[in-house]
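Enquirer: Starting off with a structure, shown below.
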Amino acid sequence: MNSKIVPRDELTNFLASELDITRFRDYCPNGLQVEGKDRVGLIVSGVTASIALLEAAIEAGADAVIVHHGYFWRGEDARVVGPLKRRLQLLLAHDVNLYAYHLPLDAHAVLGNNAQLGSLFGFQPTSRFGDQDLGWVGNIQADVKTVGDLANHIQQKLGRVPMLIGDPDTSLNRVAWCTGAAQSMFADAITAGANVYISGEISEQTVHLSRETGVPYLACGHHATERYGVQALGEHVAKQLGIRHQFIDIPNPV
């Protein structure tokens, strides 16, 4: 097993460059959120910087944790109390670095959540849509002919039953997708020419828009749709910098 150790600044700069973090208008700081030890030999990746993930990373001996959902979100209580206090206390007590990448990880053309989910589902991307080009549009493999077929295909790939709004017998043409809580991009997906939309979450008004436009909506789980980008990023970093990487999945039904 490769045991190379690199300076923290090398990892920080590599991630900033690879994800082009200055390009995005985001709801949280992207990059190093909590500073730990100045040299890194093992990184752990996971979806969300929960206490469960941090404890598992510490047990694994991680020097740095890379997540999609970190801390310090716009509009949140800025006080270091309750769960945030306990999370920061864990990181600081064990001198573990925390890196978080939100929209930059959604958008990356190869390592991103949308790129990785599209690859998992066998989609062929053709274009992007929506704010900051976060949404993707593409074609579907030939043996997936209806929305019902697509729902079954997604269930097999994700290991969970997606919520389907719309007629399962709808013939497929162009699919649009955006992982996580991207239900607000549904109207943009329809404008982009999609006749089915896939995201992680769904809202009350999303159901009405699907029914009134005739465009089916598949809600496949926020966590379930965003497991793949951060894992791909961790593997890429390990390969490029010669350090070790471990992905730890903390199950989440949402």
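Where a number appears in this text, it was derived from the coordinates with a stated rule and is not lab data. The structure presented is a predicted model; accordingly, all values stated were derived computationally and were not measured. Positions of Cβ are generated from backbone atoms using ideal geometry, with glycine treated the same way; all protein chains shown enter the neighbour counts.
Enquirer: For region 113-225, what Kirkwood radius comes out of the mean inverse Cα-Cα distance, in Å?
Expert: 13.4 Å
Enquirer: Could you give the radius of gyration (one decimal) and Dmax (whole number) of the Cα atoms in region 48-179, in Å?
Expert: Reported Rg and Dmax, both Å: 18.9, 55.
Enquirer: Next up: Pick the calculated percent of Cα pairs over 32 Å apart for this structure from [x] 48; [y] 42; [z] 25?
Expert: [z]
Enquirer: Near the amide H of residue 127, under 5 Å away, which other amide H atoms are found, from residues 5 or more places off or on another chain, if H is placed in the peptide plane?
Expert: 137
Enquirer: If you don't mind, there's one more thing I want to ask. List the trypsin sites (Lys or Arg not before Pro) in region 181-254 that DSSP assigns to loop (not H, G, I, E or B) and whose Cβ has at most 12 other Cβ atoms within 10 Å. Which are they?
Expert: Within region 181-254, no trypsin sites (Lys or Arg not before Pro) qualify (loop, at most 12 other Cβ atoms within 10 Å).
Enquirer: If you don't mind, there's one more thing I want to ask. Quick one: what are the phi-derived ³J(HN,Hα) couplings along region 156-169, Karplus 6.51/-1.76/1.60 with θ = phi - 60°, whole Hz, x for glycine and proline?
Expert: For region 156-169, the Karplus-derived couplings read 5, 6, 9, x, 8, 7, x, 7, 9, 10, x, 7, x, 8 Hz, x marking Gly and Pro.
Enquirer: Compare the peptides 111-121, 3-13 by average per-residue count of other Cβ atoms within 10 angstrom and give them in order, highest first.
Expert: 111-121, 3-13
Enquirer: While we're looking at this one, here's another question. Pop out the ³J(HN,Hα) list for region 142-147 in order, Karplus 6.51 cos²θ - 1.76 cosθ + 1.60 with θ = phi - 60°, rounded to Hz; leave Gly and Pro as x.
Expert: Residue by residue, region 142-147 yields 4, 7, 9, 9, 10, 5 Hz.
Enquirer: Take every DSSP beta bridge with both residues inside region 113-225 and express the antiparallel ones as a percent of the total, to the nearest 5.
Expert: DSSP beta bridges in region 113-225 are roughly 65 percent antiparallel.
Enquirer: Counting only pairs 8 or more residues apart or on different chains, how many lysine pairs in the chain have their Cα atoms under 24 Å apart?
Expert: Here the count comes out as 5.
Enquirer: When only Cα pairs under 8 Å and 6 or more residues apart are kept, what is the percent relative contact order across region 113-225?
Expert: Relative CO of region 113-225 lands at 26 percent.
Enquirer: Give me the percent relative contact order of the chain, please, defined on Cα pairs under 8 angstrom at least 6 residues apart.
Expert: Result for the chain is 22 percent.
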